[in-house]
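Here's the structure we're looking at; comments come further down.
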Amino acid sequence: MKYDYRETTDDLLTRIDIHTKYGSRDIDRWMLDLLPLRPGMKILDVGCGAGKQCLSYHKELKGQADITGGDVNRELLDQARRASAEANANIRYIDLNFNERFPLEDGQFDLLSCCFAIYYAEDIPYTIREMHRVLKPGGTLFTTGPMRTNKQFFYDVIREATGKEIPPMPGSSRYDSEILGTIRATFSNVEIHIFENPLVFETVEPFIDYTRASLSEDRKLWSSFFQDKDDFQRIMDSITRVAEKRLEQDGKLVMTKVVGGFMATR
């Protein structure tokens, strides 16, 4: 299945910033505690974006690892290179489209991570086979993605504001079904870990900023809701009114992120 999707850099970074400011748990710490990290290992982060995960590995291992990040978005790769240079981190970044053969030899990596990206693959079995191919025997695959119960409050507000059913999201509709099933069929010793992070908003504005960034970033998925800027603004105005009503009623807005971490051994 083909998803016509490209992350809009500013929208993506807006959402990451809101997760950090309003969440009560640190997903980066959760991942680092789960992973079998050790000095000297060779790591590949697929769909690395602006390099956040690569830099996290570098810091945790005090620079004692061979880290490569790959992404199809060259604007984000440029940001990753700048961030790594500022951190004096020797991280390699490459063009990598996970819908095509990875430009890497077989059996290279001890750990391959793919955080909040794998569900945009056109052919999940193909992409997961490529991940399996470049891992060493005994190497670890770690992916993260939204579970079906992820941010229900967000969808409830949009549904109430528009009167429309939410379109299938590539993440929550594929991650703990098609993707998990394919990982289990390809790898051994698959473990499922769940991370829940309530984002608590005392005012409407950050929730609206998050919603605006989400709808804009994934705008092709929401094409049945809006076609142009005027449609988009009308929907945002309606969502704002519903959010204001819920804030007045409950005193705060709580949107819980529910993330699955799938860890598998080659």
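The values are calculated or read from the model by the stated rules, or taken from the named source; none is laboratory data. Keep in mind the model is a prediction, meaning the values are calculated, not measured. When we count neighbours, we look across all protein chains shown, and the Cβ atoms used for this are built from the backbone with ideal geometry, even at glycine.
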Given (1) farther than 18 Å from M255 by Cβ; (2) in a helix (DSSP H, G or I), K164 misses just (2)
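Looking only at residues in the stretch 90-111 that are under 20 Å from G40 (Cα atoms) and in contact with a Cys (Cβ under 8 Å, 6 or more places away or on another chain), which one is surrounded by the most Cβ atoms within 10 Å (Cβ to Cβ)?
Within the stretch 90-111, the match that is surrounded by the most Cβ atoms within 10 Å (Cβ to Cβ) is I91.
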When the stretch 52-72 is checked residue by residue, the ones that are within 24 Å of R15 (Cα to Cα), in contact with a Gly (Cβ under 9 Å, 6 or more places away or on another chain) and small (G, A, S) are G69, G70
Filtering the stretch 164-178 down to residues that are touching a Phe, Trp or Tyr at 6+ places or on another chain (Cβ under 6 Å) and either under 19 Å from C114 (Cβ atoms) or touching a residue at least 60 places away in the same chain (Cβ under 8 Å) (or both) yields P170, G171, R174, Y175
Condition set of a type in the set (D, E, K, R) and touching a residue at least 40 places away in the same chain (Cβ under 8 Å), scope the stretch 149-163, selection surrounded by the fewest Cβ atoms within 10 Å (Cβ to Cβ): answer is E160
R219 vs (1) closer than 18 Å to I16 by Cα; (2) surrounded by 18 or more Cβ atoms within 10 Å (Cβ to Cβ): all pass except (2)
Expected output for the stretch 123-135 (first residue farther than 10 Å from L104 by Cβ, partner of a type in the set (F, W, Y) and assigned to a strand (DSSP E or B), Cβ below 9 Å, 6+ apart or cross-chain) is L135/F109
Subset of the stretch 139-161, residues closer than 18 Å to A213 by Cβ and of a type in the set (S, T, N, Q), comes to N150
The number of residues in the stretch 41-50 that are in contact with an Asp or Glu (Cβ under 8 Å, 6 or more places away or on another chain), over 14 Å from T143 (Cβ atoms) and small (G, A, S) is 1
S172 fails exactly one of (1) in contact with a Lys or Arg (Cβ under 7 Å, 6 or more places away or on another chain); (2) in a loop (DSSP other than H, G, I, E, B), namely (2)
Item to complete: Test G51 against the criterion of being within 23 Å of R129 (Cβ to Cβ), modelled with pLDDT of 95 or more and in contact with a helix residue (DSSP H, G or I) (Cβ under 8 Å, 6 or more places away or on another chain), and give yes or no.
Response: no
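Could you tell me whether the stretch 213-221 includes any residue that is modelled with pLDDT under 95 and over 30 Å from R234 (Cβ atoms)?
From the stretch 213-221, those modelled with pLDDT under 95 are 213-221; that's our starting set.
Right, trim to over 30 Å from R234 (Cβ atoms) and you get none.
Taking every residue of the stretch 213-221 in turn, none turns out to be modelled with pLDDT under 95 and over 30 Å from R234 (Cβ atoms).
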The residue that is modelled with the lowest pLDDT, considering only those in the stretch 166-185 that are polar (S, T, N, Q) and buried (at least 17 other Cβ atoms within 10 Å of the Cβ), is S172
(message) Regarding the stretch 6-21, can at least one residue be identified that is loosely packed, with under 15 Cβ neighbours inside 10 Å, in a loop (DSSP other than H, G, I, E, B) and touching a residue at least 12 places away in the same chain (Cβ under 8 Å)?
(response) yes
Scanning the stretch 135-148 residue by residue, the ones that are among the small types (G, A, S) and either outside any strand (DSSP E or B) or surrounded by fewer than 20 Cβ atoms within 10 Å (Cβ to Cβ) (or both) total 1
Considering the stretch 112-134, residues that are surrounded by fewer than 23 Cβ atoms within 10 Å (Cβ to Cβ) and outside any helix (DSSP H, G or I), and then whichever is nearest to the chain's Cα centre (by Cα), we arrive at F116
